[in-house]
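No lab work stands behind these numbers, since they all come straight from the coordinates. Owing to the predicted nature of the structure, the values given are computational and were not obtained by experimental measurement. Note that we place each Cβ from the backbone using ideal geometry, even for glycine, and neighbour counts take in every protein chain shown.
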Amino acid sequence: MKISVKNCMIDWLEFSVFEMTEKSVLYALGLEHFNFEVKKGRFYGRVLSFENIITISSQYFGNGGVEHVHVRFTGKGCRLLERIYGTTDLRSEIRLRFILSDVKVSRMDIALDYNYKFVVDYFESVLNERLTGVKVVEHIGSLKSGLTLYLGSRKSEKFFRLYEKDFEQNDFENYKDRLELVLKNQYATYELFNENELIKIVSTYMNDIEWQDTERQRLWNGMKNGECEISPKIRHKKSTLKEKGEYILTTYAKTLKAYAEQYGTKDISSAIHDAVLSEKEIRLINNEKVLKLMKYRKQARQKDKQVQESVNEIEIKKGILLDNLIANNQSDKFEQMRIC
């Protein structure tokens, strides 16, 4: 039986809009007449929530960053918007509504439903990590309750989630398994605003993963549907020890200050002392020293190379000068012999 895709859709969308008010964002989304519940969020003074499937957050008060309006649609929220807009292409609709705005996408899930049960087929290979292209593989659930497989770390900026959708929906008349590509930050922003088909985007990212089992690889290839240009590989800079410290002080400054005023600084000092002396933190400090030493050695090698190049250049010039002197001297001798 040929494996085919029954559905391809955005199943989670989360983005921030800059230089726009809450009212303007609601108007752009066509949700200005919705009856929202008003709440407060962790980093936002005002959160509009519609049954927790659509949230619009504003009045940002987190440390760092600039004022913006944060929008989140869950899977059910995406389906509701499709009904409101009368389209199955939610990505194009959102793109058109914010085409002139400064938008950064923090998460976008692309879901594909297949007419084939494939999760159990991959379970053994995932369990034994018989695949390449990802550093982390995980699984949750069971054969009785429904399996979910993760190819790639859930903390990373792109990973695959494979799960038995029929168990989640308790619908065993229409058996189906789902594959989801989860993209975050730069990857998600890039793929929201390009013109590639969603199904081709997922298939192209699938090329990064190779199964060591021939049958699994054949199945994986059969689930792909075309290829396209995708987001360039983004290299993430690792934070230095100083940057980590500045992040902690900036993010938790108010909490630390309030705790110190209430309970003093003894517990905080003790916690810092224990953390600094922990094996992990000592290793981090040593890594910083190694990085500095490597940088110093690299600079030293570059300096030695420049010095050597200068010496070679001087020697070459000396050699040319010496050759000219010898040549001139021999020419004079020849002239004297000819006169004689």
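May I ask you to derive the FRET efficiency for LYS135 and ILE268 from their Cβ-Cβ distance with R0 = 22 Å, giving the value to the nearest 0.05? Working from the Cβ atoms, E equals 0.05.
May I ask for the equivalent-ellipsoid semi-axes of segment 5-222, computed as the square root of five times each C-alpha gyration tensor eigenvalue and listed largest first in whole Å? Show your work: numbers first, answer last.
Working: eigenvalues 225, 67, 57 Å².
Rounded to whole Å, the semi-axes are 34, 18, 17.
Placing R0 at 30 angstrom, the Cβ-Cβ distance between ILE3 and LEU96 gives a FRET efficiency of 0.40 after rounding to 0.05. The calculated pair-distance distribution of segment 113-168 uses every alpha carbon pair, bins of 5 angstrom beginning at 0, and gives 4, 19, 31, 23, 17, 5, 0 percent. From the cross-link list LYS2/LYS224; LYS40/LYS257; LYS135/LYS184; LYS158/LYS224; LYS135/LYS176; LYS39/LYS254, which pairs have alpha carbons spaced over 19 Å apart? Among LYS2/LYS224; LYS40/LYS257; LYS135/LYS184; LYS158/LYS224; LYS135/LYS176; LYS39/LYS254, the Cα-Cα distance tops 19 Å for LYS40/LYS257; LYS135/LYS176; LYS39/LYS254.
Take the Cα of ASN52, step 7 Å toward its Cβ, do the same at GLN217, and the gap between the two points is 4.4 nm.
For segment 87-134, what does the convex hull of the Cα positions come to per residue, in cubic angstrom?
On the way: hull volume 5.8 nm³, N = 48.
Convex hull of Cα atoms, per residue: 122 Å³.
You can think of it this way: the chain between ALA260 and ARG83 has 58.5 nm of extra reach, that is 0.36 nm per residue less the Cα-Cα gap.
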